[in-house]
Amino acid sequence: MEIDEILSDSESELETEFDDLDLSSTDDEEDEESDIPAPNTRKRHAPRKWRLSGFDPKDLVFSDRMSGLRKEFEIGGNKPSDYFRAFFDNELMQKIVEETNNYQQQNVAPNVEKTAAWYHTNVEELYIFFATTILMGLNQKNYIKDYWSTDKLITTPIFGELFTRNRYLSIMRYLHFADNNTEEEGKLRKIQPIIENLRKKFEKAVIPWENLCVDESLMLWKGRLSFKQYIPSKRHRFGVKLFMLCDCDTKFVLNFIVYTGAETELDNHPEVGIPGSVVLTLMKNYLKKNHTLFIDNWFSSPTLFERLLEERTKACGTVRENRNGMPSFGKLAKGQQAYQTTGELLALKWMDKREVHMLTTLHEPIMVETGKNDRETGQKIKKPLCITQYNKNMRAVDQVDMQNSFSECLRKTLKWYKKLFFHLFDITVQNSYAMFNMKNEKIFQLSQFRLQLARELIEEYGSKRPHMRGRPSTDSPLRLTARHFIAFIPGDNVQRRCFVCSHTVKREKKRSDTRFYCPDCDVPLCNPTCFKEYHTLSAF
């Protein structure tokens, strides 16, 4: 979030208020924010001695020698699907498959409209389900049934080749992530296993570079939910809020916290208040490593910056003028700056269209050129160094949200935890993309990466998923690409009708029984002519 955005909304886009850890926003949220101390625990910091000179930032030098992918984090190869499967590995997929099948058995709903007769899903089918959902984000349509439409104006054949409509809707209906029979409590219990699994893997995957930022992300949700947030300055305004820690250089999401009101899982740091506790909880594994953290005015306070400095972590961010411990400044003309310091902490005020207040523990109070010229005077525009660095590094979380919004998997659903799952799924794909770019030159845009990921999952698992009973499909998305081997039809002298002979368009159709078939496609074929034609010709 840049300074220009702050000037248009001085209270920043992270507008909420705490009331006994209830972060739901109200109409007077601009006046009541995180200055409210945690109940009976907030300690007053000793008065600071602000002066006009003598800023002496600590010399905390960061070494990026180890930054990048962790060697101990197992990645099976260098394809997009390899990076994705490092997060959605067989163990996690098996957990989702098990809970989905169990949930269906617990909630058998016969005669439900537009759902197929249920048979147990497996890991392979679930990978194809996710690949199909990724493709839906790349081919966005108004209604989910339109993906299986036969109308020539909107038809997309690949969806019918991967799933029947009713089978896809059945899996979506019963998709589940936690055991309902356990006595676990908490608002996130329906999706807690996924959150914990992904959070641990995000931490283990990457050693970040120097610059990090903490910001909010809002997932659209307008249904009933006790911890739903209303933030008018956000694009969606209503939804589930996440606090996210992001690497500024690679846009890799290192950690996240799902806000659930009073039950939000935070390490308690009463001396810095609730917003500071959010920052210290997210940064727990990255303190004492000389990182530089960028945060906005909802989190910033002199006490927090001093605490971060004790943990050998530099910080920079916008700050509210009335924050406890802040010095007072007089009026300034446009373009002027004023600052005061405690020696290790610098508070700066700069006048642009409106007043901007900054806190930093690393930037000198100097003006630098931005590379732009004033339209009226033609003079070069200058800004304080801390503001230019803030604008450069504070965009990471917003950029992650923006990139995901172009091809996200989110769709309307009655279950909030399913929508949150697909939001975390999109973040995982984004992280897979960031890791792919760390190892390779940037050869894909995110949308191209998602398309390639879907293609690789379909090619690898398309022939392994379970098949419905009944007549075989007239086509298979992998019959022309995957490797196929002929085999005898199981049983004693069992024969079936050759599919090519009875469906051909290049010669006269006939009934021809055969003892051979393709096990992967489950299609009976004469040997060798029909077998070859079926796997080499798109129209036989």
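Show the residue pairs meeting these rules: Cβ distance below 7 Å; 6+ apart or different chains; first residue within the range 257-269 and on the phi < 0 side of the Ramachandran plot; second residue hydroxyl-bearing (Ser, Thr, Tyr) and buried (at least 18 other Cβ atoms within 10 Å of the Cβ).
Between residues of the range 257-269 that are on the phi < 0 side of the Ramachandran plot and residues that are hydroxyl-bearing (Ser, Thr, Tyr) and buried (at least 18 other Cβ atoms within 10 Å of the Cβ), the close pairs are ILE257/THR264; ILE257/THR281; LEU266/SER277; LEU266/THR281; ASP267/SER277; ASP267/THR281; ASN268/SER277; HIS269/SER277.
Just to be sure I understand, how many residues within the range 192-230 are closer than 20 Å to THR264 by Cα, of a type in the set (Gly, Ala, Ser) and in a helix (DSSP H, G or I)?
Result for the range 192-230: 0.
Which one of GLY330, GLY276 is of a type outside the set (A, V, I, L, M, F, W, C), crowded, with 19+ Cβ neighbours inside 10 Å and either touching a helix residue (DSSP H, G or I) at 6+ places or on another chain (Cβ under 9 Å) or free of Cβ contacts under 8 Å to residues at least 60 places away in the same chain (or both)?
Matching residue, one of GLY330, GLY276: GLY276.
Among the listed residues LYS241, LYS288, LYS234, which satisfies the condition of being touching an Asp or Glu at 6+ places or on another chain (Cβ under 7 Å), buried (at least 22 other Cβ atoms within 10 Å of the Cβ), of a type in the set (D, E, K, R) and not in a helix (DSSP H, G or I)?
Only one candidate qualifies: LYS241.
For LEU309, indicate whether it is closer than 26 Å to ASP64 by Cα and assigned to a helix (DSSP H, G or I).
yes
Restricting the range 191-226 to residues that are of a type in the set (Gly, Ala, Ser) and in contact (Cβ under 8 Å) with a residue 60 or more places away in the chain, which is farthest from ILE75 (Cα to Cα)?
GLY223
Only one of these is within 33 Å of the chain's Cα centre (by Cα), assigned by TED's automatic domain parsing to the domain that holds ASN297 and closer than 23 Å to ARG51 by Cα: THR388, THR360, THR370, THR341. Name it.
THR360
Could you tell me which residue of the range 208-231 is surrounded by the fewest Cβ atoms within 10 Å (Cβ to Cβ), considering only residues that are among the aliphatic types (A, V, I, L, M) and under 16 Å from LEU293 (Cβ atoms)?
Selected residue: LEU212.
Just the residues that are among the small types (Gly, Ala, Ser) and farther than 20 Å from ALA315 by Cβ, please, taken from the range 333-372.
Passing the criteria: ALA333, GLY335, ALA338, GLY371.
In the list THR370, THR281, THR303, which residue meets the criterion of being touching a Gly at 6+ places or on another chain (Cβ under 7 Å) and not in a loop (DSSP other than H, G, I, E, B)?
THR303
The values are calculated or read from the model by the stated rules, or taken from the named source; none is laboratory data. Model, not experiment: these values are computed from the prediction. Heads up, the Cβs are rebuilt from the backbone with ideal geometry, glycines too, and the neighbour counts pull from every protein chain shown.
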